[in-house]
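Okay, so here's the structure we're looking at.
Every number in this text was worked out from the coordinates using simple rules, so none of it is lab data. Everything numeric in this text was worked out from a predicted model, so none of it was measured. Here Cβ is always computed from backbone atoms with ideal geometry, including for glycine, and neighbour counts include all displayed protein chains.
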Amino acid sequence: MGDASEPKVVSRGLLSGPAPVVAVVVAAAVAGGLSPGFTDLYVYLQAGRSVLDGLPVEHPVDPVTGLSFTYPPFAALVMVPLALVPGCLAAAFVTGASVAALAATVRVVRIALARPAPGWLVALVTVGALALEPVWQNLTFGQVNLVLMLAVVLDLLRPDRRWCGVLIGIAAAVKLTPLVFVLLLLLVGRRTAAGRAVLVFAGSVAIGFALMPGWAASYWSHGLFDARRVGPPGLAHNQSIYGVLTRLLDGPPPTLLWLAVAAPLAAAILVLGAWWWRHGDRVLGTCLGAVAMLLASPVSWSHHWVWAAPIALLLWERARWACVLWGVVFVARPIVWPPYGRGREAAWSPLEHVAGNAYVLAALALCIWAARRATSGPALRGLGARGRTPGADPLAS
């Protein structure tokens, strides 16, 4: 006769393994294939079709949405496989891959925080993270930010991997903003990984010039520096320093003013992130690097703020009251409480500016909290017990 406890053991094994996560990913893929929307995915597909058809890829405009492809030329090549399948299958794949990347990020971050990551918990946290506005916006637009976030997390939380830096280089080849993490790698002394990232990125630029010289020349000469090419920078959804200044000044700020505010702020946050990374809290250091990236970029749409998910995981372990406040901000979506769109942000009252710039203010509050902890002796002494000790790498195995 079999042991009566065997079904319970099998059940616990299934729950602790990858099965719950696989179920969530499959459900997400099915929902993605059956759902409408995916505005940005249509733009990706059009760019991929333009490459396949040999059409001029410079500023390809999607006939469905009327939006143009604004990424580097290399990114259009990445989108070619999506253009080979029907739109519903492309939507299913992107949605499933994004949720899988979110689940993988949850697992990697949990392990880096020296916390257990059984399958059922990873699946539960992944489903809960879908309530965060940047996450569900990323999915409904058909964006790739969750996948790019995973690439960065793997390189920075597992820096002893043989090819560390390659994933950051690939992420930067698709969207330029992950180049900020190259600076973080340099600040923490990972020069070899930073060099790999730069080489991979440079290779993507060279491929763009080789295959699409006209578009590459146009993009890298002047299109890169025009923040308005991706939409109105004053729109409430642009949660960056440039967006805040645009709303305050009722128009795009002078470049020197923007740089005078954004550059020192981002540099200080990067230095703070590098300090924490070198002192053993790689999760906090990486998240601060992400905050520096989001604030410094001229345009950081709300769906770029998918980093709210790993930051919430971090705060849950470090200061749960802060995690609750952070979650409220990114679930309640106060940035769209005031009237927005069609230039209405210019008429905001001071209180409406507070709500309409909530993501930026929350990020600045996170940085202040991290800076205060950096000067706290008890916080550092407890790091080895609550997170990782300096030099340790629990992911090495």
Over the chain, with a Gaussian network built from C-alpha contacts below 10 Å, which listed residue (D160, D281, D53) shows the highest mean-square fluctuation? D53
Apply the Karplus curve 6.51 cos²θ - 1.76 cosθ + 1.60, θ = phi - 60°, to the phi angles in the range 87-104 and return the couplings in whole Hz, x for Gly and Pro. x, 5, 6, 4, 5, 5, 5, 5, 5, x, 5, 5, 5, 4, 5, 4, 5, 5
Taking 7 Å along the Cα-to-C-beta vector as the label spot, tell me the I207-T375 distance in nanometres, rounded to one decimal. 4.7 nm
For S349 and A217, what is the calculated FRET efficiency with R₀ set at 45 Å and r taken between the beta-carbons, to the nearest 0.05? 0.50
Residues T192 and D53, FRET efficiency given R0 of 35 Å [Cβ-Cβ distance, rounded to 0.05]: 0.30
Out of L288, L315, L351, any idea which swings most in a Gaussian network model of the chain, alpha carbons joined below 10 Å? L351
Charges on Cβ only, +1 for Lys and Arg, -1 for Asp and Glu, centred on the Cα centroid of the range 226-389; of S297, L351, P252, which one is farthest towards the dipole's positive end? S297
Please list 3J(HN,Hα) in residue order for the range 214-219, calculated via the Karplus relation 6.51 cos²θ - 1.76 cosθ + 1.60 where θ = phi - 60°; whole Hz, with x for glycine and proline. x, 5, 4, 5, 5, 5
How large is log10 of I(q)/I(0) for the range 234-378 at q = 0.11, 0.12 Å⁻¹ when the intensity is taken from the Debye formula with one equal scatterer per alpha-carbon? -0.41, -0.48
The chain - Rg (one decimal) and Dmax (whole number), Cα, Å: 21.3, 80
About its Cα centre, what dipole magnitude does the chain give when the only charges are +1 on Lys and Arg Cβ and -1 on Asp and Glu Cβ, stated in debye to the nearest 20? 1140 debye
Roughly what would the spin-label model give for A365 and V331, points 7 Å off Cα along C-beta, in nm? 1.5 nm
May I ask you to derive the FRET efficiency for L67 and W163 from their Cβ-Cβ distance with R0 = 30 Å, giving the value to the nearest 0.05? 0.30
What ³J(HN,Hα) values, in whole Hz, does the Karplus curve 6.51 cos²θ - 1.76 cosθ + 1.60 give for the range 262-268 when θ = phi - 60°, with x put for Gly and Pro? 6, 5, x, 5, 5, 4, 5
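With +1 assigned to the C-beta of every Lys and Arg and -1 to the C-beta of every Asp and Glu, and no other charges, what is the dipole magnitude of the range 226-389 about the Cα centre in debye, to the nearest 20?
About 480 debye.
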